[in-house]
Amino acid sequence: MRFFITILAILLASIPATARAQAPMPETMFYQPVETDAGIPPAQWQHIWQDSAKNGIKTVIVQWTSHGDNDFGGADGWLARTLRLARNNDLALVIGLHMDPDYYTRLSELDTAGTEPYLEHQLGLSLHQAALIKNEWQLDATGWYLPLELDDWNFQQKARRDMIDQQLHDLAGHLDAPLHVSSFTGGKLGPDAYAKWLEALSQDGIHVWAQNGTGTQTLPKIARRAYLEALPCDIGIVQEAFQQTSKPDQKFSAIPAVPDPSFSQCHPVSVFELRYLPWGAVLRQQ
């Protein structure tokens, strides 16, 4: 009997992950708006949101509603109309705020003293965007998402981490719904130090999402596993539903991939992002 059990275990281990029974789709999904999405007609968006709900999605985290000078048409623009359709399909919205397209460049150029006023200004723009969404776009948000992602390259220094911790807690105190942030690691902090940073950020009701890194594969699998294993259960895991095909010095490109459900047992789970999921394929064709 032990012989047959051993053989069965070997056979199961040899089956590719894509051929095994897939884990249930997370109930939370990211959507990252780009201007080409404006070409999707409302009827198509209606199908996209309906299919999202049919596949178990209950909450959509919108990456941003302002990107540099682009507000996607504002209260009467295509993005606002699209998000209203999502709400009409009973999807809750965690609405992204303002993104500076030069964010990572600016962080790499500034010293810690210069970083503080820069981030204060950016968070102020996001607070202003939240007011616009509420008063002009008239969208109900179950949460607010800050698209300025955190990483242990730009926040390797403890002084910078302490600074952004305080600024985020101040921002959360001025919002009328929970603040969501996301992070990724480049291996500059050890797994335990990275986990402690995210745990500190999660205090005072801030929802922290950690990207699992399977799509970008910046770190080898064994390192990614160590970082994810160190995270406390209240830190959310973002399952990347893509495989990056571009090199670091090229414009980002990726193809769909099956999300890795590892480490989702005790964590909140989300999937990134809509265009890489089967019912969002039309977004990649624009």
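Output yes when any residue across the range 91-103 is over 19 Å from the mean Cα position of the chain (by Cα) and either assigned to a loop (DSSP other than H, G, I, E, B) or among the hydroxyl-bearing types (S, T, Y) (or both), and no when none is. Checked the range 91-103: no residue is over 19 Å from the mean Cα position of the chain (by Cα) and either assigned to a loop (DSSP other than H, G, I, E, B) or among the hydroxyl-bearing types (S, T, Y) (or both). Residues that are of a type outside the set (G, A, S) and touching a helix residue (DSSP H, G or I) at 6+ places or on another chain (Cβ under 6 Å) within the range 220-256 comprise Y227, L231, P232, I235, F242, P256, listed in sequence order.
Within the range 31-56, residues that are more than 13 Å from T82 (Cβ to Cβ) have Cβ atoms under 6 Å from residues that are aromatic (F, W, Y) in these pairs: D51/W279, counting only partners at least 6 apart in sequence or on another chain. Please go through the range 56-91 and pick out each residue that is surrounded by fewer than 18 Cβ atoms within 10 Å (Cβ to Cβ) and of a type in the set (G, A, S). Residues satisfying the conditions are G56, G68, G73, G74, A75, G77.
Contact annotation: residue pairs with Cβ atoms under 8 Å, 6 or more positions apart or on different chains, pairing a residue in the range 112-141 that is touching a residue at least 40 places away in the same chain (Cβ under 8 Å) with a partner that is assigned to a helix (DSSP H, G or I) and of a type in the set (D, E, K, R), are T112/R160; T115/R160; L123/D170; L139/R84; L139/R87; D140/R87; A141/K134. Candidates L189, L150: the one that is touching a residue at least 24 places away in the same chain (Cβ under 8 Å), crowded, with 20+ Cβ neighbours inside 10 Å and within 29 Å of P33 (Cβ to Cβ) is L150. Looking across the range 261-278, the residues that are modelled with pLDDT of 95 or more and surrounded by 17 or more Cβ atoms within 10 Å (Cβ to Cβ) come down to H267, P268, V269, S270, V271, F272, E273, L274, R275, Y276, L277. Exactly one residue out of D100, D71 is of a type in the set (D, E), farther than 30 Å from Q156 by Cβ and modelled with pLDDT of 95 or more, and it is D71.
When the residues of the range 101-147 are filtered to those that are of a type in the set (V, I, T) and within 29 Å of A75 (Cα to Cα), the one that is surrounded by the fewest Cβ atoms within 10 Å (Cβ to Cβ) is T142.
Output the residue which, of all residues in the range 230-242 that are out of contact with any Phe, Trp or Tyr (no Cβ under 9 Å at 6 or more places or on another chain) and not acidic (D, E), is surrounded by the fewest Cβ atoms within 10 Å (Cβ to Cβ). Among residues in the range 230-242 that are out of contact with any Phe, Trp or Tyr (no Cβ under 9 Å at 6 or more places or on another chain) and not acidic (D, E), the one surrounded by the fewest Cβ atoms within 10 Å (Cβ to Cβ) is C233.
The values are calculated or read from the model by the stated rules, or taken from the named source; none is laboratory data. From a predicted model like this one, the values you see are computed outputs, not experimental measurements. Reconstructed Cβ throughout: ideal geometry from the backbone, glycine too, with neighbour counts over all protein chains shown.
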